[in-house]
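Written out below as structure tokens is the structure these notes cover.
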Amino acid sequence: MAIYKVAVATGDVAEAGTNNTISITLVGSQGESRRTTVSSLFLPGQEKRLSVDCRQDLGPIVLIRLHKWRIFLEDAWFCKDVRVTAPDGTLYRFPCYQWLEGVTTVEVREGSGKKLVDDELQILKEHRRGELAARQEAYRWKNYAQGWPRCLNVGSIHELDSNIQFSCIRATNFTGFLILQGASHFLSGFLLRCTSWDSLDEMRTIFSRTQGRDIGGCLVYPS
């Protein structure tokens, strides 16, 4: 029997967690595991650990399948990444960074960069073809008007997949960061200044976090 150690991480963005059931299937070059439940409760930034027992060694893990299933209410989940440790200690990383919505299954390839010619297994070739077809379906273009730049062939942004559109959650995070930076500049005196700088030393007191950046043609380092 081969035992694989799995760590499933939820993103730390707002509302990234879910109370829907998430399960996982490991796919290797010599077979795949049974579908194993990870958990039914994920909190933002949380990492779940589990063991996946297999009757035999699966060989190098080439991709994973994440299954999302719900009983009652829909609750989208943002998966950050998955790490799988094989019985021989080999660590496989699967960066996900996407939302899973509805009852769905998402396949995620191992994170090592590979070219098309490197895909020797049929399952990897099929995965690449499916991924390309999905992108072609999602990014279709149309002519809005004669002489205008082409735009996406959708009637509304709500028709786009949540991983494509600039969601309310992303907008909220961006706005919060903007407010934080604005408050920082206000407290430092930058936003209230209405006269010219007297010296680079004065600028350095305002931009105290600037290290090794080009200011006024000089490379400034803290003294």
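The values are calculated or read from the model by the stated rules, or taken from the named source; none is laboratory data. Since the model is a prediction, treat every value here as computed from it, not as a measurement. All Cβ positions, even for glycine, are placed from backbone atoms using ideal geometry, and neighbour counts span all protein chains on display.
Looking at region 22-38, is at least one residue within 17 Å of Trp77 (Cβ to Cβ), part of a loop (DSSP other than H, G, I, E, B) and in contact (Cβ under 8 Å) with a residue 60 or more places away in the chain? No: region 22-38 contains no residue that is within 17 Å of Trp77 (Cβ to Cβ), part of a loop (DSSP other than H, G, I, E, B) and in contact (Cβ under 8 Å) with a residue 60 or more places away in the chain.
Taking first residues from region 114-134 that are within 12 Å of Val62 (Cβ to Cβ) and partners that are part of a helix (DSSP H, G or I) and of a type in the set (D, E, K, R), the Cβ contacts under 7 Å between residues at least 6 apart in sequence or on separate chains come to Asp119/Lys125; Asp119/Arg128. Please go through region 13-43 and give me each residue that is of a type outside the set (A, V, I, L, M), within 19 Å of Lys80 (Cα to Cα) and surrounded by 15 or more Cβ atoms within 10 Å (Cβ to Cβ), ordered by number. Listed by number, the residues that qualify are Glu15, Gly17, Thr18, Asn19, Asn20, Thr21, Ser23, Thr25, Thr36, Ser39, Phe42. Of the numbered criteria (1) modelled with pLDDT under 95; (2) under 19 Å from Ser40 (Cα atoms), the one Lys80 fails is (1).
I'm trying to understand the selection: among the residues of region 98-143, which are under 22 Å from Arg35 (Cα atoms) and part of a strand (DSSP E or B)? Matches in region 98-143: Gln98, Trp99, Leu100, Thr104, Thr105, Val106, Glu107, Val108, Arg109. Is region 94-104 home to any residue that is touching a strand residue (DSSP E or B) at 6+ places or on another chain (Cβ under 9 Å) and more than 28 Å from Thr172 (Cβ to Cβ)? The answer is no; no qualifying residue exists. Looking across region 72-95, just one residue is among the charged types (D, E, K, R) and either free of Cβ contacts under 8 Å to residues at least 12 places away in the same chain or not assigned by TED's automatic domain parsing to the domain that holds Ile61 (or both), and that is Asp88.
Within region 44-64, the set of residues being within 14 Å of Thr25 (Cβ to Cβ) and surrounded by 14 or more Cβ atoms within 10 Å (Cβ to Cβ) comprises Leu50, Val52, Cys54, Leu58, Ile61, Val62, Leu63, Ile64.
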